[in-house]
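The values are calculated or read from the model by the stated rules, or taken from the named source; none is laboratory data. Predicted model, so just to flag it, every value in this text is computed and none were measured. Note: ideal-geometry Cβ built from the backbone for every residue, glycine included; neighbour counts use all protein chains shown. To get the accessible areas, we keep the full protein, side chains included, count just its heavy atoms, and leave off ligands, DNA and RNA. Shrake-Rupley method; radii C 1.70, N 1.55, O 1.52, S 1.80 Å.
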Amino acid sequence: MTSEASAPAPAAPGRIVLLTASHRVAPGLLSWPAWQTLRAADQVLCADAGHPQLPYLREAGITVEHAAPTAQELLDACEGDCTVVVIPSGEGDKALTDGLARLAGSGRVQMPDLELLPGSYDLPGARLLDLVQVMDRIRLECPWSSQQTHKGLAKYGIEEAYELVEAIEDGDRDELREELGDVLLQVVFHARIAQEDEDEPFSIDDVAGTIVEKLIHRHPHVFGDETAETPEEVKEHWLRTKAAEKQRDSLTDGVPLGQPGLALAAKLASRVRTAGLEVPLPTGEGIGYDLLALAVQAEAAGVDPEAALRAAGRTYRDAILATEAAGRR
């Protein structure tokens, strides 16, 4: 028998598993492949002693060592066909992954099998949890944000709503996404302030829960036994359930008088028309009554008078810009 034939076979390189877990999912909720891998591993390592998954893993009988190995140390630990699971921190372990990449690219070492195993995935809307967390920290640590009140922020809500409308009318997708975020910030900011109220506190979860209940109740054709096949039938369901909820004494209840004049006139006209009331338009001297009549006429024709005037105003602005440009030539 030759010496080559009697030489021992090289040790199997083993396996390294980077097990990621979203911090936006409740700790302990891991996929079945993740649990199988953890139970079968020869070693489980985590550099972050405060990792939210650790108490649940230990409760499940998984031994987790607090260690921050280098790439070479990981390779050594895998010798003899061992499986080592590494649980990265929430920010990831860039030094380790870069080190493994350098060793793999060198061509001088036999690399173990490398596997990235997602232990949990973000659900739709998971980034909203990040926003709530960031807002909480800003409220506690920012000198300006920590002093804000509902009344003090009210003007920003109006400004952001108008900027959102402008982005929609401009058709700018990037601007639309940004302005939607600014409007969302106002909601989260107000909800965070509301948590501190001594008499009637509520949180962003209460806000979300309220609108969820409202949407379900006002869509019996989706969540209940009723049917609706046209937008008009959907609107009928909405108005009927809304009326039952509010039990208003007047159809003008709930119409904010502080909104822009044309929008106010159109809203009142819409309430009157929907209720089937015959209400004569008030008459008087001045342009206000003429504008009221035009707003009611526009609403009856399915035109938003506020949006129509805004569009005309944009055209007027363009004409001003053109005239200014011509004067500078």
Practice prompt. Please go through region 276-311 and pick out each residue that is closer than 24 Å to Arg248 by Cα and in a helix (DSSP H, G or I).
Written response: Val296, Glu299, Ala300
Fill in: Selection from region 249-278 of residues that are charged (D, E, K, R) and either loosely packed, with under 13 Cβ neighbours inside 10 Å or under 31 Å from the mean Cα position of the chain (by Cα) (or both)
Asp249, Asp253, Lys267, Glu278
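To keep it simple, each residue is scored yes or no on (1) within 25 Å of Arg24 (Cα to Cα); (2) in contact with a helix residue (DSSP H, G or I) (Cβ under 7 Å, 6 or more places away or on another chain).
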| site | (1), (2) |
| --- | --- |
| Glu59 | yes, no |
| Cys82 | no, no |
| Val85 | yes, yes |
| Ser89 | yes, no |
| Ala95 | yes, no |
| Met111 | no, yes |
| Leu117 | yes, yes |
Discussion item. Restricting to region 300-329, name every residue that is open to solvent by 90 Å² or more (accessible area, probe 1.4 Å) and closer than 30 Å to Leu277 by Cβ.
Written reply: Leu309
Worksheet, complete the sentence: The condition of being surrounded by fewer than 18 Cβ atoms within 10 Å (Cβ to Cβ), charged (D, E, K, R) and more than 30 Å from Val188 (Cα to Cα) holds, among Arg127, Arg58, only for Arg58
Discussion item. Take Ile158 and tell me if it is assigned to a helix (DSSP H, G or I) and either surrounded by 15 or more Cβ atoms within 10 Å (Cβ to Cβ) or out of contact with any helix residue (DSSP H, G or I) (no Cβ under 7 Å at 6 or more places or on another chain) (or both).
Written reply: yes
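So if I check each of Glu141, Glu163, which one is free of Cβ contacts under 8 Å to residues at least 60 places away in the same chain and open to solvent by 90 Å² or more (accessible area, probe 1.4 Å)?
Glu141
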Item to complete: Residue by residue through region 166-175, note down the ones that are farther than 21 Å from Ala263 by Cβ and either crowded, with 17+ Cβ neighbours inside 10 Å or among the small types (Gly, Ala, Ser) (or both).
Response: Gly171
